[in-house]
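Student: The following block contains the structure, expressed as C-alpha cells.
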Amino acid sequence: HPGGPVIAAGSTGSMPATARLLHAIAGLPHGAVVLPGLDMELDDAAWDLIEGTRDKQGKQLAPPSPNHPQFALHGLLTRMGLRRRDVRRLGVSARPGREVLASEAMRPSSATAVWHDRLADPRVEHLIEAGTDKLTLIEAPNSEIEALAIAVALREATELGRTAALVTPDRALARRVVAALGRWNLPVDDSGGDSLMDTQAGIFARLAAETALHGCEPPTLLALLKHPLLRLGRVAHGWRAAIETLELALLRGTRPSPGCEGLLKDYATFRAELGKLKRGELSALHASEPRARLGDDALEAAQVLIGELRAALLPLESVGADPLDLCVFGQRHREVLTALSTDADGIAVAFEGQQGSALLRAFDDLAEVEPSAGVPVPPHDYPDVFETAFGDITVRRPELAEAALRIYGPLEARLTTHDRVILGGLVEGVWPPAPRIDPWLSRPMRHELGLDLPERRIGLSAHDFAQALGADEVILTHANKVGGAPAVVSRFLHRLEAVAGKTRWSTLKQRGQMYLDYAQALDRPAEVKPIAQPAPKPPREARPLKLSVTAIEDWLRDPYTIYAKYILGLSPLDPVDMPLSAADRGSAIHEALGEFTERFADALPDDPAQVLRDIGARHFAPLMDHPEARALWWPRFLRVAGWFANWEQDRRPHLRHVIAERSGSLSIPLDGGRNFVLSARADRIEHRADGNYAILDYKTGNPPTGKQVRMGLSPQLTLEAAILRAGGFDGIDAGASVAELTYVKLSGNSPPGDERVLELKIERKDEPQEPDDAAAEALAKLTGLIRRFDDAAQPYHALVLSMWAQRYGRYDDLARIKEWSAAGGAGDGA
C-alpha cells in the first residue's frame with residue numbers, strides 16, 4: 001500500500017532507466033535497495049580506478065574499466081551520491097576468505113601492481129588460504145569429459161544428501177550434462193531453456209522450408225520424412241514402410257531430379273526400368289541391386305507418399321524465383337507445416353505443446369508484419385532468414401519441482417543458494433562471452449555517444465562469476481578443447497590462479513582429478529582384448545556353386561567379400577545423395593559401346609563416330625541433370641567416340657566377326673556329382689582373320705598390368721579365355737584358340753583411348769606366356785581354389801593378400817578390419 005515499504009533487490013542498475021528507478025526507491029521514506037555482490041574488500045584506491053581517473057582540468061588520466069564486475073555498482077552508487085561505507089552489509093559470508101579471493105582476483109588491471117606486497121601480507125594470505133578451501137578445479141581434455149565429470153559431481157552431491165546446481169552460459173554443455181545424468185535416471189531441472197530452432201518443432205519447421213525451397217535435396221527430405229512430427233493425415237510412423245521404399249528406390253545413390261515433380265518423374269522411370277528387368281529385357285537396373293527386389297505394393301505406397309508430400313509442400317514449392325515479402329512466406333510456411341503435421345484426427349501436432357505454441361506465436365508475430373514494410377526475401381534464402389528471425393526465441397522446459405539437481409544460466413543463478421555450485425564452461429568466448437563487434441560505431445564513437453562499450457558484457461559476466469564464487473562449495477570446470485578445437489581458458493581462472501599461487505592451484509586440480517578419473521572410467525573396459533580376425537566357416541551346402549569371373553578377384557584377395565555377399569546375401573546400400581562416380585561414367589560408356597558393337601557386329605555404318613555419339617546421348621541422358629556430367633563427362637565421351645570409330649575402322653578389316661556383351665559359362669566338376677559354374681559376360685570377343693580369337697575388355701580407369709594378370713591377381717580375361725576354349729560362349733566351338741587378350745582404356749583425355757595388348761610375363765627378360773597357356777593356368781588355379789573352399793573347415797578370411805591391406809572394401813566394416821588389423825591380426829592366406 002502507499003505507506004508500505006518498497007524494496008528493490010538483486011539489480012546492479014546496469015541500465016540507466018533501472019539506475020534511475022533504484023535511485024528513486026532509495027530516496028523513499030520506506031524504500032530500500034539491496035545490492036547484489038558489492039565488493040566491500042577492495043581498497044578505495046583500486047575502487048576509484050574502476051570508473052577511471054581525471055585530473056583537475058577534467059582530462060582523463062586512466063580509462064574506465066567496463067569489464068570489471070563492480071563497474072555497474074560503482075556507477076549506481078555514484079549516481080546515488082553514496083560511498084561504499086554508506087552501504088550496510090547483510091548476512092555473513094558463506095566461506096571466510098572467499099570474498100577476499102574474489103576481490104583480489106577481479107582487481108582492476110591498473111591496480112594489480114600491489115599484488116606482490118598485498119599477497120605477501122600474512123592476514124591476506126590466511127584469508128586466501130581459507131578462500132580456496134572447498135574450491136575445486138576440473139580441467140577436462142574436451143567438452144564430453146567435462147560434462148561427464150560435472151555429472152559425476154552432481155550425482156555425488158545427491159548421494160551425500162546435498163543440494164547442487166550447475167551454472168553455465170553454455171547451453172551445449174548443459175544438454176550434455178542432462179544426457180549424462182540420464183545414465184542414472186537422475187532428473188534435473190534445467191531453467192535455461194532451448195532456442196526454438198533447437199526444439200523438435202523448430203527443426204521440423206526449418207526442414208520443411210529447406211525441403212520445399214531447395215529442391216527436395218535427399219538428406220533434407222529424408223530428415224523431414226523421418227521426423228517424429230510428420231503425419232500427412234496418418235498416425236505417427238504411419239508412413240514408415242513407404243518412406244523406406246522411397247529411400248531405397250530414389251533417395252539412395254545419385255541425386256534425383258529436383259522437387260516433387262522430379263521425384264514423380266524419376267519414380268516413373270524407375271518403375272519402367274524395374275519392369276524391363278523383371279521381363280528379362282535390357283535395363284538400367286541390375287538384379288543384384290537391393291531396390292530391384294521391391295514389390296509392387298511397396299512401390300504403390302511410395303507413389304502415394306510422393307503425391308501427399310507434393311500437395312503438402314505446394315504452397316512453398318510454387319513460389320517461383322522472385323523475392324516475396326517475409327509475411328507472405330510466413331503464411332505459406334505455416335500452411336505447409338499444417339499439412340505435413342496434421343494427423344488422422346485433424347490435429348496439427350507441430351503446433352501442439354510448449355514448443356508448438358512458441359512456433360505458432362512466432363508465425364502470428366510474422367503475420368502482423370505489414371506487407372508495406374517491404375521485407376522481400378529470395379526463396380532460396382528464406383530458411384536462413386526464418387532461422388535467424390526466430391533463433392532468439394527461448395522455449396522453457398517444464399519445471400521439475402521435485403528434482404534435487406538444477407541447471408541455471410548465470411542470470412537465473414543470482415538469487416539461488418545451493419550447497420554445491422559447479423561453474424561450467426569457463427573458456428573465453430563462453431564465460432566471459434566474446435565482445436560483440438559493432439559494424440556501425442567504433443569504440444570511441446560509442447563512448448562519445450554515452451553508449452556502453454562492448455566490454456560491458458564481460459563486466460556483467462565477471463559479476464555473475466564473482467557472485468557464484470560465494471557458495472559454500474564451488475567446482476570450476478573448463479575443457480582444453482571445445483568442438484575439436486583448442487580452447488582458451490577463461491581470464492577469470494587465470495586471475496584466480498595468479499592470486500591463489502601455484503601450490504594452492506595444484507591442490508585445486510588434484511581435487512578435481514578425482515571427478516575426471518571417475519568420468520573417464522565410466523566407459524573404460526576393465527580389460528582390452530584385441531579382437532581376432534573373423535574366420536567364418538559356413539557349411540558346405542551354403543557355399544556358392546556359381547560365381548562370375550569378376551567375383552573371382554574378390555575371392556582371391558578378400559574371401560570375406562564372397563562370404564558376406566553370396567552366403568549372407570548382404571548388399572551394401574548406396575549413400576544418400578551420392579555424387580556421381582567413375583562407375584556411373586563407366587557404365588554409360590560401356591552401355592553405349594556395347595549397343596554400338598551389337599548393332600554393327602558385321603559391318604560399320606557410314607559415319608560410325610556420329611552414330612556412336614547418338615547412341616551415347618541416350619545412355620548419358622539420365623546423367624545430364626548433373627553439371628559434372630554435362631561439363632566433363634559428355635565432352636570426354638565425344639572424344640572417345642571419335643577415337644573409337646577410327647580404332648574400329650582400322651581393326652575391322654582384320655576380323656571375321658565381332659561379338660559384343662556375350663554371356664558364357666563353364667562347369668567345373670566337384671565330388672558328389674556337383675558342379676561349380678563360372679560365368680562371364682565379355683565386353684567384346686573378336687574372331688580374327690587367322691581363325692583365332694581375341695578377348696577385349698573396356699576400361700575407363702587404369703587396367704591391370706600384364707604382370708598382375710600373369711601372377712593370377714587379375715584373372716578376368718584369362719578366365720574368359722578358359723570359358724571360350726571350353727565352348728562356353730554360344731557360337732564358339734570348344735577348342736578354339738585365343739591369341740590376344742587386350743584392355744582398351746577409354747579415358748577421353750589425351751589420347752582419348754589406348755589399346756593395351758597384354759604381355760603375360762613377370763620380368764622384362766621373361767618370354768611372354770601364350771594366352772591359351774595362361775587360360776589353362778588360371779583355370780587350374782581357380783579349380784584348386786574352388787576345391788579348397790569346398791571344405792567346410794576352410795574359413796573365409798578378410799584381406800588375405802598384403803597388397804590389399806590398405807584398401808577399403810564395401811564389407812570392411814562387417815569384417816571389422818580396422819580393429820584386428822591394427823593389432824597385427826592380418827590374414828595369412830586363403
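The values are calculated or read from the model by the stated rules, or taken from the named source; none is laboratory data. None of the values given here were measured: they were computed from a predicted structure. Neighbour counts are summed over all protein chains in view; Cβ atoms, including those assigned to glycine, are modelled from backbone coordinates with ideal geometry.
Residue-wise test of (1) of a type in the set (Asp, Glu); (2) in contact (Cβ under 8 Å) with a residue 40 or more places away in the chain; (3) not assigned by TED's automatic domain parsing to the domain that holds ALA223.
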position	(1), (2), (3)
ALA535	no, yes, yes
GLU541	yes, no, yes
PRO544	no, no, yes
GLY569	no, no, yes
ALA588	no, yes, yes
ALA601	no, yes, yes
LEU604	no, yes, yes
ALA609	no, no, yes
PHE620	no, no, yes
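Student: Within region 275-287, is even one residue more than 26 Å from PRO228 (Cβ to Cβ), out of contact with any Pro (no Cβ under 6 Å at 6 or more places or on another chain) and either among the polar types (S, T, N, Q) or touching a residue at least 24 places away in the same chain (Cβ under 8 Å) (or both)?
Tutor: Filtering region 275-287 for residues more than 26 Å from PRO228 (Cβ to Cβ) gives 275-287.
Within this subset, residues satisfying the condition of being out of contact with any Pro (no Cβ under 6 Å at 6 or more places or on another chain) are 275-287.
Now restrict to residues that are either among the polar types (S, T, N, Q) or touching a residue at least 24 places away in the same chain (Cβ under 8 Å) (or both): 283-284.
Yes, region 275-287 contains at least one residue that is more than 26 Å from PRO228 (Cβ to Cβ), out of contact with any Pro (no Cβ under 6 Å at 6 or more places or on another chain) and either among the polar types (S, T, N, Q) or touching a residue at least 24 places away in the same chain (Cβ under 8 Å) (or both).
So that you can scan it fast, the table gives a plain yes or no per residue for (1) within 14 Å of ASP39 (Cα to Cα); (2) loosely packed, with under 15 Cβ neighbours inside 10 Å; (3) touching a residue at least 40 places away in the same chain (Cβ under 8 Å):
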residue: SER65; (1), (2), (3): no, no, yes
residue: GLN70; (1), (2), (3): yes, no, yes
residue: LEU76; (1), (2), (3): yes, no, yes
residue: GLU99; (1), (2), (3): yes, no, yes
residue: ALA105; (1), (2), (3): yes, no, yes
residue: ASP117; (1), (2), (3): no, yes, no
residue: ARG123; (1), (2), (3): no, yes, no
residue: LEU160; (1), (2), (3): no, yes, no
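Student: Shifting gears a bit: Taking the conditions exactly as written (surrounded by fewer than 19 Cβ atoms within 10 Å (Cβ to Cβ) and not in a helix (DSSP H, G or I)), does ARG234 satisfy them or not? Please lay out each step first, then the result.
Tutor: Numbers: surrounded by fewer than 19 Cβ atoms within 10 Å (Cβ to Cβ): yes; not in a helix (DSSP H, G or I): yes.
The answer is yes for ARG234.
Student: Another question, if that's okay. Output yes when any residue across region 537-544 is surrounded by fewer than 13 Cβ atoms within 10 Å (Cβ to Cβ) and in a loop (DSSP other than H, G, I, E, B), and no when none is.
Tutor: Yes; the residues of region 537-544 include at least one that is surrounded by fewer than 13 Cβ atoms within 10 Å (Cβ to Cβ) and in a loop (DSSP other than H, G, I, E, B).
Student: Moving to a separate point now. From the set of residues in region 663-677 that are surrounded by 17 or more Cβ atoms within 10 Å (Cβ to Cβ) and touching a Gly at 6+ places or on another chain (Cβ under 8 Å), which is nearest to THR597 (Cα to Cα)?
Tutor: It comes out as GLY664.
Student: Provide a single number: the residues in region 624-635 that are touching a residue at least 24 places away in the same chain (Cβ under 8 Å) and surrounded by fewer than 17 Cβ atoms within 10 Å (Cβ to Cβ).
Tutor: Filtering region 624-635 for residues touching a residue at least 24 places away in the same chain (Cβ under 8 Å) gives 625-626, 628-629, 633, 635.
In the following step, the residues that additionally are surrounded by fewer than 17 Cβ atoms within 10 Å (Cβ to Cβ) were identified as 625-626, 628, 635.
Matching residues across region 624-635 total 4.
Student: Go through region 31-54 residue by residue and tally those that are exposed (fewer than 15 other Cβ atoms within 10 Å of the Cβ) and among the aliphatic types (A, V, I, L, M).
Tutor: Number satisfying all stated conditions: 4.
Student: For region 224-236, does any single residue satisfy the condition of being closer than 21 Å to ASP577 by Cβ and β-branched (Val, Ile, Thr)? Give the derivation first.
Tutor: First, the residues of region 224-236 that are closer than 21 Å to ASP577 by Cβ: 224-227, 230.
Subsequent filtering for residues that are β-branched (Val, Ile, Thr) retains none.
No, there is no match, as no residue in region 224-236 is closer than 21 Å to ASP577 by Cβ and β-branched (Val, Ile, Thr).
Student: Mind telling me which of the residues GLY58, GLY52 ends up being at pLDDT below 90, under 26 Å from PRO435 (Cα atoms) and not assigned by TED's automatic domain parsing to the domain that holds GLU455? Can you show your working first?
Tutor: On the way: GLY58 fails: under 26 Å from PRO435 (Cα atoms).
On inspection, the qualifying residue turns out to be GLY52.
Student: Looking only at region 581-623, filter to residues that are part of a loop (DSSP other than H, G, I, E, B) and among the aliphatic types (A, V, I, L, M); which one of those is surrounded by the fewest Cβ atoms within 10 Å (Cβ to Cβ)?
Tutor: Step one: filter region 581-623 for residues part of a loop (DSSP other than H, G, I, E, B), giving 581, 600-607.
Still in the running and among the aliphatic types (A, V, I, L, M): 601, 603-604.
Numbers: ALA601: 14, ALA603: 7, LEU604: 16.
So, considering only residues that are part of a loop (DSSP other than H, G, I, E, B) and among the aliphatic types (A, V, I, L, M), the one surrounded by the fewest Cβ atoms within 10 Å (Cβ to Cβ) is ALA603.
Student: Which numbered condition in (1) touching a residue at least 60 places away in the same chain (Cβ under 8 Å); (2) out of contact with any helix residue (DSSP H, G or I) (no Cβ under 7 Å at 6 or more places or on another chain); (3) surrounded by fewer than 19 Cβ atoms within 10 Å (Cβ to Cβ) is the only one that HIS214 fails?
Tutor: (2)
Student: Which residue out of ALA519, ALA462 is closer than 16 Å to ASP170 by Cα and not acidic (Asp, Glu)?
Tutor: Working: ALA519 fails: closer than 16 Å to ASP170 by Cα.
Just one listed residue meets the conditions, ALA462.
Student: Within region 654-758, considering only strands (runs of 3 or more DSSP E) that don't extend past its boundaries, which have at least 2 residues that are more than 46 Å from the chain's Cα centre (by Cα)?
Tutor: Working: elements: 655-669, 675-688, 693-699, 738-746, 753-757.
By residue number, 655-669, 675-688, 693-699, 738-746.
Student: Just name the residue that is surrounded by the fewest Cβ atoms within 10 Å (Cβ to Cβ) out of those in region 483-529 that are β-branched (Val, Ile, Thr) and closer than 18 Å to ALA468 by Cβ. Walk me through how you get there before you give the answer.
Tutor: Just the residues of region 483-529 that are β-branched (Val, Ile, Thr), to begin with: 488-489, 499, 503, 507, 528.
From what is left, the residues that are closer than 18 Å to ALA468 by Cβ are 489, 499.
Working: VAL489: 15, VAL499: 25.
Among those that are β-branched (Val, Ile, Thr) and closer than 18 Å to ALA468 by Cβ, it is VAL489.
Student: So, ALA471, is that one within 18 Å of GLY424 (Cα to Cα) and assigned to a helix (DSSP H, G or I) or not? Give the derivation first.
Tutor: Numbers: within 18 Å of GLY424 (Cα to Cα): yes; assigned to a helix (DSSP H, G or I): no.
Criteria not met by ALA471.
Student: Condition first: under 20 Å from ALA151 (Cβ atoms), touching a helix residue (DSSP H, G or I) at 6+ places or on another chain (Cβ under 8 Å) and not in a helix (DSSP H, G or I). Now tell me which residues in region 484-531 satisfy that.
Tutor: LEU522
Residue-wise test of (1) aliphatic (A, V, I, L, M); (2) not in a helix (DSSP H, G or I).
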| residue | (1), (2) |
| --- | --- |
| GLY275 | no, no |
| GLY280 | no, yes |
| LEU299 | yes, no |
| VAL304 | yes, no |
| VAL319 | yes, yes |
| ASP322 | no, yes |
| ARG334 | no, no |
| ALA350 | yes, no |
